[in-house]
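The values are calculated or read from the model by the stated rules, or taken from the named source; none is laboratory data. These numbers come from a predicted model, not from an experiment. Quick reminder, even Gly has a Cβ in these numbers, built from the backbone with ideal geometry, and neighbours come from all protein chains shown.
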Amino acid sequence: MQQPTEILLPEAQPPGIWGRLTRWVRQNRPLVWLVVIVIGLALFLVWLPPYAQMFFWIGLQANPLLAGMVLGFGLLALSLLWSAGQQLDSWTFLFFNVRGRHPRWLDLVMTGVTQIGNGIAAGVLAAIFFVAGYRLLAYELILGVLTLWMVVELVKVLARRRRPFLRITQARIVGQRAGGRSFPSGHTAQAFFMATLLVGYFAIGIWGALLLYAIALLVGVTRMYVGAHYPRDVLAGAILGTAWGLLGGIIFGYTLLATP
């Protein structure tokens, strides 16, 4: 009887430096994003003209005016420890994500609207303002998006709240599966930041302001609809983004005073 041939498998080789680095990046993706954003912000600040750097620094000194919103955001973050709040979060999330009819066309519309809170949309808008002659507004928009993104990623690293589709079995995922942590909603924060900044910059009246904030609110709703965020994530993003937009408005006020 023929003996079975013994096949010798190669011994597992320890991963090299590049392999270990790749594995570490995958395991610490939020922290990596935070580092990338900080580096990008530093490069942007160095690139800014001196007069713009001065105006932004003066605006940052007015930050105590936003203490109320910062306090509200902190209390909302602390509420994540409240078990009853999680139950309310889950119920409201399912109301937007699962209940009712979800035709294909509505899924497409909601996935399109949610991209308003994407960094690419802010970059395109800033480029339009820059070409149109609103260069200081373009600077404020890019600086605000970078700093806001940095804060959002930092809070996500600290809060470490899992996405709703990882905890709720009946949750739907519409479009691309969101990565990273859940609290707060970065898309919602950016949408409210842009709305607040534009309302403070242009005299668009009450109806224009309502339209911009309605769009920002719709972005927040889409984040629940596509299965990416809980309601408290969205609310926290709205508070944070509005606060950042108010800070941008303060900076713009100083620029008006400083312009001869």
Residue 180 being in contact with a helix residue (DSSP H, G or I) (Cβ under 8 Å, 6 or more places away or on another chain), surrounded by 14 or more Cβ atoms within 10 Å (Cβ to Cβ) and farther than 30 Å from residue 82 by Cβ: no
Inter-residue pairs, beta-carbon under 7 Å, first crowded, with 17+ Cβ neighbours inside 10 Å and at pLDDT 90 or above and in the range 97-121, second assigned to a helix (DSSP H, G or I) and among the charged types (D, E, K, R), 6+ apart: 114/223
Mind checking which helices (runs of 4 or more DSSP H) fall wholly inside the range 105-222 and carry at least 2 residues that are among the basic types (Lys, Arg)? 135-159
State all residues of the range 123-145 that are among the hydrophobic types (A, V, I, L, M, F, W, C) and over 15 Å from residue 40 (Cα atoms); if no residue qualifies, say none. 124, 125, 126, 127, 128, 129, 130, 131, 132, 136, 137, 138
If we ask which residues in the range 223-241 are of a type outside the set (Ser, Thr, Tyr) and outside any helix (DSSP H, G or I), their number turns out to be 4
So which residues in the range 199-217 are touching a Leu at 6+ places or on another chain (Cβ under 7 Å) and farther than 22 Å from residue 233 by Cα? 199, 201
Looking at the range 156-177, which of the residues that are over 22 Å from residue 87 (Cα atoms) and among the aliphatic types (A, V, I, L, M) is surrounded by the fewest Cβ atoms within 10 Å (Cβ to Cβ)? 157
